[in-house]
Structure formats: structure tokens, C-alpha cells
Amino acid sequence: MILESEPLMDHRPPVTVKGTREGLTFLLDERADVERVCAYLETLITGETGKLFEGPTVDVYVDYGKRTLTPQETWRILDVFRKRDNFLVRAWGSTPEARDASRRYHDARAQHIYHGLVRSGQPLSFDGDVVIIGDVNPSAVVEATGDIYVFGRLLGIAHAGVGGDETAIVAAAEFAPMQIRIADVVSRAPQMRATMEYAYLEGREMRVAEMKYFLPWHKLRKRSGREERR
Amino acid sequence: MGTAIVMTSGKGGVGKTTTTANVSTALALLGKKVCMVDADIGLRNLDVVMGLENRIIYDIVDVANGDCRLEQALIRDKRFEHLVLLPAAQTKDKRALSVEKMVELVNELKRSFDFVMIDCPAGIEEGFRVAVAPADMAIVVTTPEHTAVRDADRVLGLLERDKVGEPRLIVNRIRPDMVKRGDMLDIDEIVQVLGCDLLGVIPDDERVIRNSNRGEPVVLDTAVPAATAYRNIARRILGESVPLMHLEEKSGLWGRFRKWVGGR
């Protein structure tokens, strides 16, 4: 018989703080009572632990999750943040922006590793990026909403960026595909067999480059806001 | 309890039936009790290659329908007492045999034979499913052509999905002179693409066709290199390590073959 039971949720603090390169992200538990959130937050930033937050101006991102807040509640919570004069509230909301700040440097995209040979007539599709450890045989099709990397021979058809991501790429250790598709652009492969190459879109035109040029290209791609996409 | 081996390819005309006849005969030569099952219902050929077409009274569909006993439909080979054929029906089509019936039949044959060799129809439809269902092991036959390799790849995918033993590969009708000139896929390339164990390589030889037309499997003619290749395959099926290591085998076979070509 359980005499004193408590909802398990209560053991979790109603506020989670994450430090990122951008600043601090406060994730407010969307199920906790506003008063409880405020009380906890106040002790956290002005109480004994407040010392941790001392220092130069810091960017603060607040994510209150899916809850609906009244104007009063909003001010109630923001008032707590105002108690620290080095806090600069940069984002307030349940928008991905606030959560992104904590996720920006872990890639939130799904990633898959597929071990084995992809045979003709064996369609494979993935949500996110995929690494194939093995060959993709002629007339086999691999599809992914993100990038496709083949650690082996790509002899079949690869379709990256299914769903419209034009920044997706197809790369292979041995690059001799029958056909490459990125988003909705289709291209027949170059006739030669190349090693360590990748295909990408420039405008609506498909290009192929050696893998050694991939890193600078990838940095450009990241800068152009690829991480907003999921 | 015997082993059921299905001989399949996907593409037609690569030599499934010829290979079934020759490998079965080679196994019989090695003293094994072998039953060949022609699963290509409606397009039966195995009886012709074995030279047994005039002895057919009942066929596999009659057995499945209960019109005769299994033993009544089995045709004993002219040359070997312990080599028999269960012929396909010629008047019916592939729907005449269900997966359950086929499994039941082959399991019954496995009780009295060491090997049940199933000759699979071309294609990957119903007939293929029926032929593959009872198999403990699959042999995929291909020729060194892109079309055949592509279909073999597809069939291997299906066999892997259905978890039919560990499929093994026979490359049929290789012509070393063409490979040398780069006009034909070489064996390494095929094996690499298909990613499965090589069971043997059969050189192209017109005598294989000539003997099939006469109803005498070429494997009985020791002078033909292809016959040796078939015998080696049979020995490998029995687990013997005939100088396999397919590279060695290739050079040995090619060496012999080149000599034979040059000697003419």
C-alpha cells in the first residue's frame, strides 16, 4: 500500500537552465504552476545559487513550452528575470528559436547508419541524414530527407533532400551513380568513376566536387541557416 | 534428412536448368541420392536436358492434387539409379502449385534423398515464391552480363529478405578471351557487386548446349572443362574445399581454358 505518493513530475525542477555558446536558455516546465515556476526561478537566480549568474551581461533565452500564458503571468515571470541586471532577455516564447539556442550545437537532425549492401529493387528511405556502410548497387534507390553519404560504391540512384531541401548533398567513396537527385533536381551522373566526391546544388544546377572541398562548402551551408530546418 | 537447394536467377536463359541438371548429375556421380524437382510449371525443360521427356506419366501437379502417389511421379535417370526427376506439368500454369503443397512435397522428398534440387522458374512472381519456399540453400546463377547481374542482385535481395540459407553464386558462360579484352564483366567485379560467396565459374562451351540437346548432361564428358567446373561445384556443395579460394580457382581454370583455346 502506498501511503504517501507524490506525482513523479514534482521531483523535476520546474525550470531547466542550459548554458550554450549563445548564452543561457531557461526551459520552463509547461505543466508546472506559474507561481511554482516563479518561486523556483527566484531562488535560483537571486538565492544562494545566484552567484553562479554573476558577471558580464549574458543573453537569456526563455522557452515556456506549449503553455498559454496570460499577460499578467508573462509579466510575473519576466519580473523575476529583471531582478538580475546582467540578464538580457533575447528570446521569449515557445518558438523553436529559444529551444534552438540550446540545440544549435548538437545537430537535431535524425541521423542513420545503414550497414550492408543495398541491392537493386530494395528501396531504402530515411528521415534525416544517412551513412551507408556498403555499396549501393545499380538500380537500387536510396532516399533521405537530408544528406546521403556512401562509404562504398555508389552505383545506383541516390535522392537526397527528399521534401525539398536544396542544400542536401550526396557523397560517396566511389562515386559512379546512375542518377543523382537533390530535392527535385534530377541529374544523370558523370560518365567517369571518381573517388571521394560529392554532388550538391548551386542554384538549380547540380555540381560535383571532390570531398576535400566539402568542409568549406559545408561551413557556408551552415551559415546560410541550414540549422533552422529540421 | 536431406538438403533442399533452389537454383534461381531472376533473369531467364542464364542456364538454371542446365546447371540444375549438371550439378545434380555430378552429385549423383559422387554417390549421393539426388532428386531434381522442376518447379517451372507450364514451361518444363529439365526433363529434356536429362533426356527423360518420353518417360513422363505423372507430374508434380498430379502429386500435389493427390491424383497419384509421389513415387509414381518420380522418374529414375537412365544412367544413375539414385538420381530421379520430379517433372513439372506442361498443361497447367504456376498457380497450380501452392507454397504449402510445395513445402510439404519437398519435405517428404528430403526424407529419402540427400539432395533435392529445385529448378526455379525465371521471374520473381508466384512461381519463384513457390520454388524458393522449401529451400534450405539457394544457388543464384548469373552470366557475365549487366542484365543478368542486375536481376541476380534483385533475387539475392529477395532471398535475403526471406532468409533462405546463405545464397551462393555460380557465374555461368564466362568467356576468358572476352574478359581479357574488357568486353565482358570479370568475376571479381560480379562477386563484388553481388556481395555473396562464389560457388563456381562455368566457362562458356558449345558442347554444354550440344549435350543438353542430346539429353546428356555435359558433366559426364570428362574432356570438357565445363564438366570439371560442374564437378567442382558438386564437391564444394558437399563441403569439400576444392582449391576454392576463388582467385586460385580462377587462374587454374583460366589457365586450363587458355591452353584449351590456344591448342585449337
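Brief remarks follow.
- Residue satisfying all of: in segment B:165-190; within 20 Å of the chain's Cα centre (by Cα) and open to solvent by 20 Å² or more (accessible area, probe 1.4 Å); nearest to the other protein chains (Cβ to nearest Cβ) among these: B:166
- The residue of segment A:125-138 that is nearest to residue A:168 (Cα to Cα), among those that are open to solvent by 30 Å² or more (accessible area, probe 1.4 Å) and within 14 Å of chain B (Cβ to nearest Cβ), is A:133.
- If you go through segment B:71-80 and keep only what is part of a loop (DSSP other than H, G, I, E, B) and closer than 16 Å to residue B:22 by Cα, you end up with B:77, B:78, B:79, B:80.
- A count restricted to segment B:139-157 and to residues that are touching a strand residue (DSSP E or B) at 6+ places or on another chain (Cβ under 7 Å) and within 14 Å of another protein chain (Cβ to nearest Cβ) stands at 7.
- For segment A:24-39, the set of residues classified as surrounded by fewer than 18 Cβ atoms within 10 Å (Cβ to Cβ) and modelled with pLDDT of 80 or more consists of A:33, A:35, A:36, A:39, listed by residue number.
- Inside segment A:110-119, residues that are surrounded by 15 or more Cβ atoms within 10 Å (Cβ to Cβ) and outside any strand (DSSP E or B) make up a count of 2.
- Per-region count, segment B:129-149, residues under 28 Å from residue B:81 (Cα atoms), open to solvent by less than 20 Å² (accessible area, probe 1.4 Å) and not in a helix (DSSP H, G or I): 6
- For residue B:69, the conditions (1) closer than 24 Å to residue B:138 by Cα; (2) loosely packed, with under 14 Cβ neighbours inside 10 Å all hold with the exception of (1).
- Residues (within 18 Å of the chain's Cα centre (by Cα) and either on the phi > 0 side of the Ramachandran plot or not polar (S, T, N, Q) (or both)) located in segment A:204-225: A:218, A:219, A:220, A:221, A:222, A:223, A:225
- Strands (runs of 3 or more DSSP E) within segment A:120-230 that include 2 or more residues under 30 Å from residue B:11 (Cα atoms) and touching a Ser or Thr at 6+ places or on another chain (Cβ under 8 Å): A:141-144, A:170-175, A:179-182
- Residue match in segment B:116-128 (condition: on the phi > 0 side of the Ramachandran plot and either part of a loop (DSSP other than H, G, I, E, B) or away from chain A (no Cβ under 14 Å) (or both)): yes
- Check on residue A:207, modelled with pLDDT under 95 and more than 30 Å from residue B:151 (Cα to Cα): yes
- Flag if residue B:162 is farther than 19 Å from residue B:147 by Cβ, within 14 Å of another protein chain (Cβ to nearest Cβ) and open to solvent by 50 Å² or more (accessible area, probe 1.4 Å): yes
- Looking only at residues of segment B:191-224 that are part of a helix (DSSP H, G or I) and buried (at least 22 other Cβ atoms within 10 Å of the Cβ), we find that the one that is farthest from the other protein chains (Cβ to nearest Cβ) is B:211.
- Scanning segment B:44-59 for residues being more than 16 Å from the chain's Cα centre (by Cα) and open to solvent by 20 Å² or more (accessible area, probe 1.4 Å) gives a total of 6.
- Cross-chain or 6+ apart pairs with Cβ under 8 Å, segment A:42-60 first and at positive phi, then open to solvent by less than 60 Å² (accessible area, probe 1.4 Å) and modelled with pLDDT of 80 or more: A:55/A:86
The values are calculated or read from the model by the stated rules, or taken from the named source; none is laboratory data. Keep in mind the model is a prediction, meaning the values are calculated, not measured. With ideal geometry, Cβ positions are generated from the backbone for all residues, glycine too; neighbour counts draw on all protein chains shown. Remember, those area values only see protein heavy atoms, side chains included, never the ligands or the DNA or RNA. Shrake-Rupley method; radii C 1.70, N 1.55, O 1.52, S 1.80 Å.
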